[in-house]
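Input: a single structure, listed below in structure tokens.
The values are calculated or read from the model by the stated rules, or taken from the named source; none is laboratory data. Nothing here was measured: the structure is a model prediction, and the numbers come from that model. Cβ coordinates were reconstructed from backbone atoms using ideal geometry, including for glycine residues, and neighbour counts include every protein chain displayed.
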Amino acid sequence: MDAIILQILNGLDKGSAYALIALGLTLIFGTLGVVNFAHGALFMIGAFVAVSVQRLLSLSFEQIDSTKTDFLGNPLKVKVPYVESWFGPEVGATIIDWSVPLAIIVAIPVMLLVGFVMERGLIKHFYKRPHADQILVTFGLAIVLQELVKYFFGANPIQTPAPDAFTGSFDFGAMIGFDPNVIIYPYWRLVYFGFAAVVIGAVFAFLQFTTFGMVVRAGMADRETVGLLGINIDRRFTIMFGIAAAVAGIAGVMYAPILSPNYHMGMDFLVLSFVVVVVGGMGSLPGAVAAGFLLGILQSFASMNEVKSVIPGIDQVIIYLVAIIILLTRPRGLMGRAGVMEE
Amino acid sequence: MSKTNITRRGLMKTGAATGAGLALPTIFTSGAAAFTNEPTGSSVKLGFNVPQTGPYAEEGLDELRAYELAVEHLNGMGDGGAMNTFSSKVLEGNGILGKKVEYVTGDTQTKSDAARASAKSMIEKDGVTMITGGSSSGVAIAVQGLAQDAGIIFMAALTHSNDTTGKDRKANGFRYFFNAYMSGAALAPVLKNAYGSDRRAYHLTADYTWGWTQQESIAAATEAIGWETVNNVLTPVGAGDFSSYIAPVLNSGADVLVLNHYGGDMVNSLTQAIQFGLKDKVVNGKQFEIVVPLYSELMAAGAGENIKGVYGSMNWNWQLQDPGTQAFVKSFGEKYGRPPSGSAHTAYVQTLLYADAVTRAGSFNPCAVVEALEGFEFDGLGIGPTLYRAEDHQAFKDVLVMKGAENPTTEYDTLEIVEVTPVEQVMYPPDHPMFGGPEASLGECNDGA
């Protein structure tokens, strides 16, 4: 029982990331009809916004410490971050410590901009083309973005710690009557889950309760009619693309302390997120979210040693296995609507 | 995927290996060569096959820096580095046997099939006489087999699996780097001193040849000091998120976590283990501890604060004080502005050792080189006297036990040397069961003729 609760908790944060990426994918697919293979790259760019903000805040000047020597025997150059010399060592260190949450403020405008540029500059020209063309061009774009990041940041994962206040883990088991240390859950992952819930809630509320959202939903259902009513639906869809990019981006920012960002993290998440979208049902936002959490938790279960010893390697294939079963029994996915991608 | 740094057409290889399907199109062909890729022009070409992408890419890039430095020194440029302290004095800075050293590089992508393709192209297209590199034992074993079949020398760089010089040993392959058994033998006494002999260890293990043999070696060595191995969980290479493997650790009753991971995987698994607060827990009345049996500076830099107080082992470290180490660190540091990593050191040393063996043999013939390297004893290349054992082509020398420094002053001294374990303590017979037992054999050396 404790092991099961442990893996459910564990699946939540991974599921949150899948759900956030899949939500953006579905938004873009539902509005623009584009299968965006560059969406994982947006998640990765978000994570690297966190890395960049942390680097910017830690920008340092060198002070020569003549009492010590470096490895070649020259006087040691000690790096002092600018923020520490401006605001004093304590405030400066706190600012650097909180760089990941601070990065969200930077990431939202950056990601909106990246989204606009991507949509207006490239993807717009592929609306009328077949899905295969869209997949090729967005996949190519993802590779270009990935290689750019690798060029500037190197191939190794870059450690991006969460604020000190969130290190350590919270003893969930002790709270619900298990022995201490049996069910522990890192604080930051708890934060991530809460954050994902808020973002998902905000996106739904935006679509459900604002006029803008209503028009977008109408456009998703029948683009032509909305256009005939004199509404510039294209512009709204571009904005939705930006929003989807921002959602993926901040998902990446907050994920940076969980998984040290590297240039191929986007691809790793993209493939799984596509499975999530398909399982959830193409074009269904609640489906994407539900399937994200479902597959995240299933993947956690499959990583349990008890399961792995019965079926070796199951942790690697469980998601695809579940996808096959769901598609065989419900060809439109969990909550798919009729008529999507079925022309 | 290999690219050449030299484009002069006049330097095209002239050797053409007949019979092996290795015939080279060249305008200078002068008939059948005595052995694969015999250099007949004024230069000789070496192949540096390292991961430039994938989870071990950073190690590969540092290896490349060292290879370039070694080529410079062999060709008489720079300050000569550890060539000046090397106990064998035949290298004169005029290339190898008077032939200028050139090189091609390839990207193994940390994948065996890509590494083999890249090595094959180096042998068949570029005509290299020796291939070195690899930052993964899976890759090293694959390329070593290819080199054996093609009839060239393979000087393994970063490969720590027992199998490389164990059950998969080959006559044409040589390993300077230490191995998993040696890590276990060096670490166990230090762990016993630090954490006592009543411990329960939980292993997370990278699921390929290196991980398996390291886990086996560490488990055997720690069980010999009284530890119990509670569990061993295999994790896929490049998994990224290890939380589902880490979460059950505390519940298992273990009080030590052994991470048989390397490169980017180790950075992630260690960081996540720290996030779970494992090191702050007290289990069975003892402080919970983490051990990373194979360390590298680049991993330590990637893991940042998290490695403080964590024990591991290394083949070599730039903080050693012997003359060979100092000479190498000085030339590397002046050229690149940073101290070399352990992988860089192995890459550099293997290149010099090959050049030295060719020079002492007076021939590029791989079988002559094998003979020159077998049983070769040398010193002055860092970490003291070293023997290339004839029976399995494994180098034997002291092994370093390291610990994450509590108060590093720069990003380069995040690890400190705890102990230099004498070579006698890490020695084992060539027919040791972990190394393929009595059946393991080098086979015959192959010159491709």
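Points worth noting:
- Options B:Val237, B:Val282, B:Val249; residue that is at the interface with chain A (Cβ under 9 Å from one of its Cβ atoms), out of contact with any Lys or Arg (no Cβ under 7 Å at 6 or more places or on another chain) and farther than 21 Å from B:Val418 by Cβ: B:Val282
- Qualifying residue in the stretch B:290-298 (condition: more than 7 Å from chain A (Cβ to nearest Cβ), touching a strand residue (DSSP E or B) at 6+ places or on another chain (Cβ under 9 Å) and part of a helix (DSSP H, G or I)): yes
- The helices (runs of 4 or more DSSP H) falling completely within the stretch A:221-326 include none with 3 or more residues that are touching a Gly at 6+ places or on another chain (Cβ under 8 Å) and free of Cβ contacts under 8 Å to residues at least 40 places away in the same chain.
- Among the residues of the stretch A:299-317, those identified as at pLDDT 85 or above and either buried (at least 18 other Cβ atoms within 10 Å of the Cβ) or facing chain B (nearest Cβ under 10 Å) (or both) are A:Gln299, A:Ser300, A:Phe301, A:Ala302.
- Residue that is surrounded by the most Cβ atoms within 10 Å (Cβ to Cβ) [pool: residues in the stretch B:309-368 that are touching a Pro at 6+ places or on another chain (Cβ under 7 Å) and within 14 Å of chain A (Cβ to nearest Cβ)]: B:Phe328
- A:Glu62 vs. criteria of a type in the set (Asp, Glu) and part of a helix (DSSP H, G or I): no
- Single residue of the stretch B:388-445 satisfying the filter (closer than 30 Å to A:Val78 by Cα, among the β-branched types (Val, Ile, Thr) and not in a loop (DSSP other than H, G, I, E, B)) that is nearest to the other protein chains (Cβ to nearest Cβ): B:Ile417
- As a summary of the residue check, B:Tyr354 satisfies the conditions (1) touching a Leu at 6+ places or on another chain (Cβ under 8 Å); (2) in a loop (DSSP other than H, G, I, E, B); (3) closer than 20 Å to B:Phe86 by Cβ except for the one numbered (2).
- Qualifying residue in the stretch B:420-432 (condition: acidic (Asp, Glu) and under 20 Å from B:Arg175 (Cα atoms)): yes
- Taking helices (runs of 4 or more DSSP H) as the structural unit, those lying wholly within the stretch B:137-243 and holding at least 2 residues that are over 24 Å from the mean Cα position of the chain (by Cα) and outside the structural domain of B:Ala115 (by TED's automatic domain parsing) correspond to B:180-195, B:209-224.
- Counted as qualifying within the stretch A:83-159 are the helices (runs of 4 or more DSSP H) with 1 or more residues that are touching a Gly at 6+ places or on another chain (Cβ under 6 Å), namely A:99-121.
Per-residue answers, yes or no, for (1) within 10 Å of chain B (Cβ to nearest Cβ); (2) of a type in the set (Gly, Ala, Ser):
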site	(1), (2)
A:Leu141	no, no
A:Asn156	yes, no
A:Phe195	no, no
A:Phe204	no, no
A:Gly213	no, yes
A:Ala218	no, yes
A:Asp222	no, no
A:Ile231	no, no
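- In the stretch A:1-54, residue farthest from A:Gly292 (Cα to Cα) [restricted to those that are of a type in the set (Phe, Trp, Tyr) and more than 14 Å from chain B (Cβ to nearest Cβ)]: A:Phe48
- Residues in the stretch A:169-183 that are buried (at least 19 other Cβ atoms within 10 Å of the Cβ) and under 20 Å from A:Met254 (Cα atoms): A:Ser169 only.
- Considered as a group, the residues in the stretch A:158-168 that are within 9 Å of chain B (Cβ to nearest Cβ) and among the aliphatic types (A, V, I, L, M) include one that is surrounded by the most Cβ atoms within 10 Å (Cβ to Cβ), and that residue is A:Ala162.
One line per residue, one yes/no per condition, for (1) surrounded by 24 or more Cβ atoms within 10 Å (Cβ to Cβ); (2) more than 14 Å from chain A (Cβ to nearest Cβ); (3) in contact (Cβ under 8 Å) with a residue 40 or more places away in the chain:
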position	(1), (2), (3)
B:Glu59	yes, no, yes
B:Ala66	yes, yes, yes
B:Leu69	yes, yes, yes
B:His73	yes, yes, yes
B:Val104	no, yes, yes
B:Val128	yes, yes, yes
B:Gln144	yes, yes, no
